Amino acid sequence: MSMGDLRERLAELGFDSVRTLLQSGNIVFRVDVERREAIERRIEDEISRSFERPTVCFVRTPAEWQKVIMRNPLPQQAAEDPGRMTALILKEAPSAAAWKSLQAGITGREIVRGRSDHGYVVYPDGQGRSRLTLARIEAALGTRATIRNWNTVMKIGSLLAE
């Protein structure tokens, strides 16, 4: 699906100031106060209906996105190599035990840190070479997830600040 088509669909749903970031599926918009789950469901239903493509959406308020940026426990990695530093956005907050289990199960040099409904993963050897895939992360944490490199995280933060 093109980001232009997606912007149009969301505008038709009543979202304001809809903007997309690259061809990445990242969307910034304004909406009247509504629960996160309801917004996610509305977008998921529209994408499924309009594009015949089931998808999972992750919505965060600007304040929540700022927390993802500001609470990064690995700032040195983010500064030195933002392409290998990632933010993990989750549907639900896993238990502390699930986060520990995920880190303990890593066989490579990856580093994982979890905070509530988001986390951070460093892929020192590159994400494409890693065995720590999104599917493995979701299975270990018991929730759906999406991952964005730190460059994208910061670009979304900039869009939200406009």
Which one of ALA145, VAL56, ILE43 has its Cα pushed farthest toward the positive end of the charge dipole of the chain, where Lys and Arg give +1 and Asp and Glu give -1 at the Cβ? ALA145
What is the Cα centroid distance between the stretch 33-55 and the stretch 68-88, reported in whole angstrom? 29 Å
Rounded to the nearest 500, what is the 222 nm mean residue ellipticity of the chain from helices alone, with -39500 (n - 2.57) per DSSP H run of 4+ residues and division by all residues? -12500 deg cm²/dmol
With no solvent and one equal point scatterer placed on each C-alpha of the stretch 8-93, evaluate the Debye formula and give log10 I(q)/I(0) for q = 0.14, 0.18, 0.23 Å⁻¹, two decimals. -0.60, -0.91, -1.27
Mind checking the dipole of the chain: about its Cα centre, +1 per Lys or Arg Cβ, -1 per Asp or Glu Cβ, Debye to the nearest 20? 560 debye
Proximal lysines relative to LYS91, as straight alpha-carbon distance under 20 Å, when same-chain residues fewer than 8 apart are discounted: LYS67, LYS100
What is the spread of the Cα atoms of the stretch 42-162 along each of their three principal axes, largest first, in whole Å? 41, 33, 27
I want to check the label-to-label distance for GLU44 and ASP81. Put each point 7 Å from Cα in the C-beta direction and report it in nm to one decimal. 3.4 nm
Say R0 is 30 Å: what FRET efficiency, to the nearest 0.05, do ALA139 and ASP5 get from their beta-carbon distance? 0.40
Label-to-label distance, nm, for residues given as VAL56 and GLN23 (7 Å Cα→Cβ offset): 2.4 nm
Taking only the Cα atoms of the stretch 3-51, how large is their convex hull per residue, in Å³? 71 Å³
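Taken together, the values in this text are just the output of simple stated rules run on the coordinates, not laboratory data. Since this is a predicted model, take the numbers as computed values, not measurements. Counting neighbours? That spans all protein chains shown, and the Cβs are built from the backbone with ideal geometry, glycine included.
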